[in-house]
Amino acid sequence: MNRFWMVWNESGGPPSVKHSAESTAVHEAERLARLSPDSRFFVLRAELMVQKREVDIVRLDEDDDGVPF
């Protein structure tokens, strides 16, 4: 996974567009700021990604009586 940037307005909803370059995120923040002069827009850079990867698959046996032997 590559690094990416997002633009966040503290008065708006969550960011939804991932920018592959800082410059495109900055340009988007500038564009949005021109449209909403009283709002503040932050350019955020992703630093870390956390993901749980384990999945348990359990096959249920019709004859299983619950005794483990």
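Key figures for this structure:
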read-out	value
Reference-scaled alpha-carbon Rg (2.2 N^0.38 Å with N residues) for the range 5-45	1.03
Ratio of the Cα radius of gyration of the chain to 2.2 N^0.38 Å, where N counts its residues	2.07
Theoretical gain in end-to-end length, Arg40 to Val26 [0.36 nm per residue, Cα-Cα removed]	3.8 nm
For the range 26-35, 3J(HN,Hα) per residue [Karplus equation, 6.51 cos²θ - 1.76 cosθ + 1.60, θ = phi - 60°, Hz, x = Gly/Pro]	5, 4, 5, 4, 5, 4, 5, 5, 5, 6
Ellipticity estimate at 222 nm from DSSP helix runs (n ≥ 4, -39,500 (n - 2.57)) divided over the chain, nearest 500	-6500 deg cm²/dmol
Sorted by Cβ neighbour density within 10 Å, fewest at the top, the residues Val55, Val7	Val55, Val7
Listed residue (Leu32, Val55, Met1) projecting farthest to the positive dipole end of the chain, Cβ model	Leu32
Electrostatic dipole magnitude of the chain [Cβ: Lys, Arg +1; Asp, Glu -1; Cα centre; debye, to 20]	900 debye
Calculated FRET value between Trp8 and Asp56, using beta carbons and R₀ = 30 Å, to 0.05	0.25
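Read-outs: derived from the displayed coordinates by stated rules, not from any lab. Fair warning: this is a prediction, and the values are worked out from it, not measured in the lab. For neighbour counting, all protein chains shown are included, and Cβ atoms are generated from backbone atoms with ideal geometry for every residue, glycine included.
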